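Okay, structure first, notes after.
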Amino acid sequence: MNRSPACLAAVCFITALALLAGPGSPFAGQTSGRPGAPTVAGQEIPDWMARWELARVLSYAGRYEESVTEYSKLLREKPDLPKARIELAKVLFRQKKGAEALGVLEVVDVRQLDADSVLLMADLYRDRRSYERAAVLYREYLAKRPGDNPARLRFAEMLSWEKRYDESLAEYRKILAALPGDAQVRRKYAMVLMWSKRYGEAATELRRTLK
């Protein structure tokens, strides 16, 4: 039987709460501050954890505005939750609120960012033309995930915009080593060769993309 994403998210939420309340859980014994509140397996789920899961469920269901509201409430109560900040930034990015997403990520120590968040931050800096900051993050990300050719392509393009042609060409060569038959990447590579006045090489590469 097929289930909607919202239904699956709700099931995950209930399961997560049950696990969090179990013996040995780091949340065992924590209370919401309301004596007599209903308990699960003899232990209360703290309000802040329930709100965090609510924010996640709402984002899974595509209810981004509501999700952002719950994340904001959570972070007012628990400001030292870097993972929650990262999740909030991703929701804001899905809403096409890049500037707000970047502002949220900038509060987090970069050492606490996962690889996907490092890439998101690099892309956001690129979009805002903060190329030096973006370059540092792209290099960090690609050191961990060298096979992500779409990310490497964005990095190569950005380097060419800054007229850092040799660095850009080096990144294009890595992509073409993995994808030698990609005519569009090769044509972009040829354009950078042309901008760097390597006209003969540019002509050779362009011919390779034509029948």
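Anything in the stretch 127-149 that is farther than 15 Å from residue 174 by Cβ and in contact with an Asp or Glu (Cβ under 8 Å, 6 or more places away or on another chain)? List them, or say none.
131, 134, listed by residue number.
Tell me, please, whether a residue that is in contact with a Pro (Cβ under 6 Å, 6 or more places away or on another chain) and modelled with pLDDT of 95 or more can be found in the stretch 59-66.
Checked against the condition, which is being in contact with a Pro (Cβ under 6 Å, 6 or more places away or on another chain) and modelled with pLDDT of 95 or more, the stretch 59-66 yields at least one hit.
Looking at residue 107, is it within 14 Å of the chain's Cα centre (by Cα) and not assigned by TED's automatic domain parsing to the domain that holds residue 198?
For residue 107, the condition - within 14 Å of the chain's Cα centre (by Cα) and not assigned by TED's automatic domain parsing to the domain that holds residue 198 - is not met.
The values are calculated or read from the model by the stated rules, or taken from the named source; none is laboratory data. Computed from a prediction, not measured in an experiment: that's the story for all the values here. Cβ coordinates were reconstructed from backbone atoms using ideal geometry, including for glycine residues, and neighbour counts include every protein chain displayed.
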